[in-house]
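The values are calculated or read from the model by the stated rules, or taken from the named source; none is laboratory data. Since we're looking at a predicted model, the values are computed, not measured. For neighbour counting, all protein chains shown are included, and Cβ atoms are generated from backbone atoms with ideal geometry for every residue, glycine included. Surface accessibility is based on the protein's heavy atoms, side chains included, excluding ligands, DNA and RNA. Shrake-Rupley method; radii C 1.70, N 1.55, O 1.52, S 1.80 Å.
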Amino acid sequence: MARRLLSLWFPRLASDTSRRRRPVEGAFALVLRAGNAEHLHCLNRAAEAKGLRQGMPLADARAICPELATRPADLPAQKLALEVLRRWAARYSPMIAIDGVDGLVADISGVAHLFGGEPDLRADLDARLARADLSAVSAIAGSRGAAYALVRHGGGVVPDGKLAAGIGHLPVSALRIDHATADGLARVGLPRIADLIDLPRAPLARRFGQGLVLRLDQALGIQAESVSAEPEPPHFGVRMTLPEPIGLQSDVMAGLARLLDRLCSKLALHHMGARRVLLELRRVDRGTVKVEIGLARPMRDASRIAALFAKGVDEVDAGFGIDCLRLSATLVEPMPPEQVGGGHAVKTEDALADLLSSVGNRLGFDRVLRMIPADSQIPEKSFSLVPAIYSTAEPAGPRKVAPRPITIFPPEFVSDVVGQRPGTPPARFRWRRMWFTTLRAQGPERITPEWWFDDPAWRSGLRDYWRVETQEGPRLWLFHTPQAPGWHVHGEFP
């Protein structure tokens with residue numbers, strides 16, 4: 001069977017996609033900043049009719065067409081649109097791949113007869129794209145290079161075995177070579193592909209590089225070129241259609257348990273874990289009720305996930321009954337296999353993850369916080385509060401500073417200092433209207449303020465900290481400021 005390839009080109013993909021979201025009349029272009037200036041990235045037909053071209057500086061384009069409407073180019077949206085078109089075009093071929101930033105290529109060998117032949121296949125494809133208001137050009141040839149060259153010069157069909165004749169009239173730039181090589185060929189009198197076909201390959205390679213010979217042979221079908229379609233990403237979703245409507249919470253949870261077993265098996269097959277799971281319940285009146293949960297870490301344990309759905313399912317209004325359940329993991333993350341029987345540490349970690357998931361679904365995951373160490377000697381800045389679901393607990397590691405109290409509060413002034421000697425904490429002092437007597441003290445630990453931050457609380461300068469054990473019981477964290485003499489309590493040890 002002769003190999004036949006279909007090439008699709010969308011010359012105005014970015015502008016067409018933008019206009020479909022937000023229609024605009026008249027000359028329109030998307031602009032992209034390059035260096036210190038903005039340039040035209042993609043234009044519609046009206047803008048091209050005004051004499052504007054892709055790559056033109058926006059200032060020049062405004063001088064030619066003052067009424068030009070512009071928007072910033074959205075490259076991720078353009079890429080997504082091409083991926084959507086690739087999936088749509090799969091109706092014409094089981095093997096279809098993205099070709100550049102604005103094209104597709106499909107292997108239609110043995111497929112065209114299902115549409116009545118290659119001309120009818122092209123006609124059906126072009127008509128559907130025209131109804132979708134997308135500018136597109138299509139071409140069919142026996143090689144990928146020939147189809148690529150033809151589609152960017154008007155399109156058409158090259159009969160089987162007629163590659164040289166079908167693309168010979170095209171300029172050499174259609175061979176997917178760089179501009180410098182194309183200009184060099186034109187200067188020596190070889191402007192068309194037909195001028196190269198009969199020339200010896202060795203002199204061409206010596207003069208213009210091996211890349212030109214490779215592209216020429218690929219276009220003529222001498223050098224094979226494959227169509228490598230990327231595999232479809234796995235879809236983590238399952239569904240169940242019921243013969244009779246249900247409405248009891250126990251029945252819904254029983255159906256959910258079956259779906260979770262299937263979903264978790266699919267997740268395990270791909271070594272993935274769910275972070276968000278959506279349950280959709282379709283009622284007999286065609287209404288849909290959704291219950292969504294989040295998970296503190298990737299998970300594929302059906303029983304633990306089901307427990308988080310209990311509250312949401314209990315609040316569902318079943319109406320006249322539910323006849324279909326659909327369960328999908330809307331957010332997944334890699335989850336490599338784990339050794340079974342991890343002991344107490346693993347059970348504790350699982351229990352903590354279940355607690356975070358339960359509390360996060362009730363209060364919001366952004367409100368469940370944990371402390372992690374921060375790189376600062378200043379007590380108030382030695383930790384950070386971050387959402388627990390988006391972070392992992394970090395070990396404190398070896399500390400190079402003295403122990404810190406568990407309770408830290410804004411410095412509180414100590415009054416009525418008695419029995420103070422230079423370089424030691426006071427023998428007696430008054431704090432929070434109570435008298436305290438020093439039994440033992442350790443220190444001092446000198447902490448210098450961070451000079452690169454202007455912190456009003458540390459404008460008094462460096463501090464000498466002491467760990468003081470009092471006769472009355474409290475173990476306090478006191479500091480003394482030499483520049484502005486005075487004692488303060490900054491924290492309390494357990």
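Please work out which residue is most open to solvent (accessible area, probe 1.4 Å), limiting yourself to the stretch 128-164 and to residues that are over 29 Å from Thr17 (Cα atoms) and in contact (Cβ under 8 Å) with a residue 40 or more places away in the chain.
Quick first cut of the stretch 128-164, residues over 29 Å from Thr17 (Cα atoms) only: 142-143, 158-164.
From what's left, in contact (Cβ under 8 Å) with a residue 40 or more places away in the chain: 142-143, 160-161, 163-164.
Numbers: Gly142: 25, Ser143: 6, Asp160: 100, Gly161: 71, Leu163: 23, Ala164: 47 Å².
Ranking the qualifying residues of the stretch 128-164, first place goes to Asp160.
Does Asp99 satisfy the condition of being within 30 Å of Arg3 (Cβ to Cβ) and in contact (Cβ under 8 Å) with a residue 60 or more places away in the chain? When the stated conditions are applied, Asp99 passes them.
Out of curiosity, is Leu439 outside any loop (DSSP other than H, G, I, E, B), open to solvent by 30 Å² or more (accessible area, probe 1.4 Å) and at pLDDT 90 or above?
Numbers: outside any loop (DSSP other than H, G, I, E, B): yes; open to solvent by 30 Å² or more (accessible area, probe 1.4 Å): yes; at pLDDT 90 or above: yes.
In short, yes.
Total residues in the stretch 271-301 satisfying the condition of being open to solvent by less than 20 Å² (accessible area, probe 1.4 Å), within 28 Å of the chain's Cα centre (by Cα) and within 19 Å of Ser250 (Cα to Cα): the figure is 3.
Of all residues in the stretch 192-229, those that are without any contact (Cβ under 8 Å) to a residue 40 or more places away in the chain and more than 30 Å from Trp88 (Cα to Cα) total 24.
Of the residues making up the stretch 175-196, those that are closer than 14 Å to Ala146 by Cβ, open to solvent by less than 20 Å² (accessible area, probe 1.4 Å) and in a helix (DSSP H, G or I) are Leu175, Leu196.
Any residue that is loosely packed, with under 13 Cβ neighbours inside 10 Å, closer than 23 Å to Ala14 by Cβ and charged (D, E, K, R) - is there at least one of those in the stretch 89-105? No; the residues of the stretch 89-105 include none that is loosely packed, with under 13 Cβ neighbours inside 10 Å, closer than 23 Å to Ala14 by Cβ and charged (D, E, K, R).
Which of the residues spanning the stretch 200-255 are outside any loop (DSSP other than H, G, I, E, B) and in contact with a Ser or Thr (Cβ under 8 Å, 6 or more places away or on another chain)? First the steps, then the outcome.
Initial filter on the stretch 200-255 (outside any loop (DSSP other than H, G, I, E, B)): 201-208, 210-219, 237-246, 249-255.
Answer for the stretch 200-255, where residues must be outside any loop (DSSP other than H, G, I, E, B) and in contact with a Ser or Thr (Cβ under 8 Å, 6 or more places away or on another chain): Phe208, Gly211, Leu212, Gln218, Ala219, Gly237, Val238.
Output the residue which, of all residues in the stretch 262-281 that are touching a residue at least 12 places away in the same chain (Cβ under 8 Å) and either touching a Phe, Trp or Tyr at 6+ places or on another chain (Cβ under 9 Å) or among the polar types (S, T, N, Q) (or both), is nearest to Gly294 (Cα to Cα). Selected residue: Val277. Of all the criteria given as (1) open to solvent by 40 Å² or more (accessible area, probe 1.4 Å); (2) part of a strand (DSSP E or B), the one not satisfied by Phe453 is (2). A count restricted to the stretch 250-261 and to residues that are without any contact (Cβ under 8 Å) to a residue 24 or more places away in the chain and over 11 Å from Leu327 (Cβ atoms) stands at 3.
From the list Gly35, Gly51, Gly55, which residue is among the small types (Gly, Ala, Ser), open to solvent by 10 Å² or more (accessible area, probe 1.4 Å), more than 11 Å from Arg71 (Cα to Cα) and in contact with a helix residue (DSSP H, G or I) (Cβ under 7 Å, 6 or more places away or on another chain)?
Gly51
Checking each residue in the stretch 1-42 for being closer than 29 Å to Gly145 by Cβ and more than 28 Å from the chain's Cα centre (by Cα) picks out Met1, Ala2, Arg3, Arg4, Leu5, Leu6, Ser7.
What do you reckon, is Ala219 touching a strand residue (DSSP E or B) at 6+ places or on another chain (Cβ under 9 Å), of a type in the set (A, V, I, L, M, F, W, C), more than 29 Å from Leu356 (Cβ to Cβ) and open to solvent by less than 30 Å² (accessible area, probe 1.4 Å)?
Yes.
Within the stretch 424-436, which residues are loosely packed, with under 13 Cβ neighbours inside 10 Å and touching a residue at least 12 places away in the same chain (Cβ under 8 Å)? Lay out the reasoning, then the answer.
Step one: filter the stretch 424-436 for residues loosely packed, with under 13 Cβ neighbours inside 10 Å, giving 432-434.
Hits for the stretch 424-436 are Arg432, Met434.
Among the residues of the stretch 409-416, not a single one is without any contact (Cβ under 8 Å) to a residue 12 or more places away in the chain, touching a helix residue (DSSP H, G or I) at 6+ places or on another chain (Cβ under 9 Å), closer than 27 Å to Phe383 by Cβ and exposed (fewer than 11 other Cβ atoms within 10 Å of the Cβ).
Pro405 meets all of the listed conditions (1) at pLDDT 80 or above; (2) open to solvent by 40 Å² or more (accessible area, probe 1.4 Å) but one, namely (2). So which of Ser143, Ser173, Ser138 ends up being more than 15 Å from Leu8 (Cα to Cα) and among the polar types (S, T, N, Q)? Residue meeting the stated conditions: Ser173. Cβ-Cβ contacts under 8 Å between residues 6 or more apart (or on different chains), taken from a first residue in the stretch 165-191 that is under 16 Å from Ala205 (Cα atoms) to a second residue that is in a loop (DSSP other than H, G, I, E, B) and not acidic (Asp, Glu), are listed as Val172/Leu190; Val172/Pro191; Val172/Ile193; Leu175/Ile193; Thr181/Gly209; Leu185/Pro191; Leu190/Leu199.
Sub-9 Å Cβ pairs linking a first residue in the stretch 102-126 that is over 12 Å from Tyr92 (Cβ atoms) to a second residue that is part of a strand (DSSP E or B) and of a type in the set (S, T, N, Q), at least 6 apart or interchain, are Gly103/Ser7, ordered by first then second residue. In the stretch 79-111, the residue that is farthest from the chain's Cα centre (by Cα) out of those that are in a loop (DSSP other than H, G, I, E, B) and aliphatic (A, V, I, L, M) is Val111.
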